[in-house]
Amino acid sequence: KSKMGFVKVQKNNAYFKRYQVKYRRRREGKTDYLQRRLMVTQAKNKYQAAKYRLVARISNRHVTCQIVSAELKGDRTHASAYSHELKDYGIKVGLSNYAACYA
């Protein structure tokens, strides 16, 4: 009985000719395009009505809340609210924490 040794699979020129690079945001791990498509697509019986979603972005200093819809050219922001605007309503501290998202 002779055993065959370990054979390393070589990626040849034909492999690299046909290789297609993934989208930049997919390579960076920022966007899951399957999940995005399921979230953004509107039902066909709505006849091109926009599907709105609420996006909350937390930075080191502030919280930004936006009403966003998807279009072919890119996402469109319809309205924005910022946590630094909460000072006008009497909230002085905690403008970057989780509770500021709900205020």
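The values are calculated or read from the model by the stated rules, or taken from the named source; none is laboratory data. Please read these numbers as outputs of a predicted model, since none were measured by experiment. Note that we place each Cβ from the backbone using ideal geometry, even for glycine, and neighbour counts take in every protein chain shown. We work out accessible area using only protein heavy atoms, side chains counted, and drop any ligands, DNA or RNA first. Shrake-Rupley method; radii C 1.70, N 1.55, O 1.52, S 1.80 Å.
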*Out of all the residues in the range 12-35, which are open to solvent by less than 90 Å² (accessible area, probe 1.4 Å) and within 16 Å of residue 70 (Cβ to Cβ)?*
31, 33
*Please tell me if residue 60 is exposed (fewer than 10 other Cβ atoms within 10 Å of the Cβ) and either basic (Lys, Arg) or not in a loop (DSSP other than H, G, I, E, B) (or both).*
no
*asked:* Residue under question is residue 49, and the condition is that it be surrounded by 10 or more Cβ atoms within 10 Å (Cβ to Cβ) and without any contact (Cβ under 8 Å) to a residue 12 or more places away in the chain; does it hold?
replied: yes
*Quick check, is residue 54 open to solvent by 90 Å² or more (accessible area, probe 1.4 Å) and assigned to a strand (DSSP E or B)?*
yes
_Please pick out the residue among 22, 17, 92 that is over 17 Å from residue 103 (Cβ atoms) and part of a loop (DSSP other than H, G, I, E, B)._
22
_Criterion violated by residue 29 - all others in (1) part of a loop (DSSP other than H, G, I, E, B); (2) within 26 Å of residue 102 (Cβ to Cβ); (3) within 15 Å of the chain's Cα centre (by Cα) satisfied_ = (2)
*asked:* For residue 67, only one of the following conditions fails: (1) in a strand (DSSP E or B); (2) open to solvent by 100 Å² or more (accessible area, probe 1.4 Å). What is its number?
replied: (2)
*Kindly list the number of the only condition in (1) within 30 Å of residue 102 (Cα to Cα); (2) assigned to a loop (DSSP other than H, G, I, E, B); (3) open to solvent by less than 90 Å² (accessible area, probe 1.4 Å) that fails for residue 5.*
(1)
*For the range 70-89, what are the residues that are open to solvent by less than 50 Å² (accessible area, probe 1.4 Å) and either closer than 21 Å to residue 33 by Cβ or in a helix (DSSP H, G or I) (or both)?*
70, 74, 83, 86
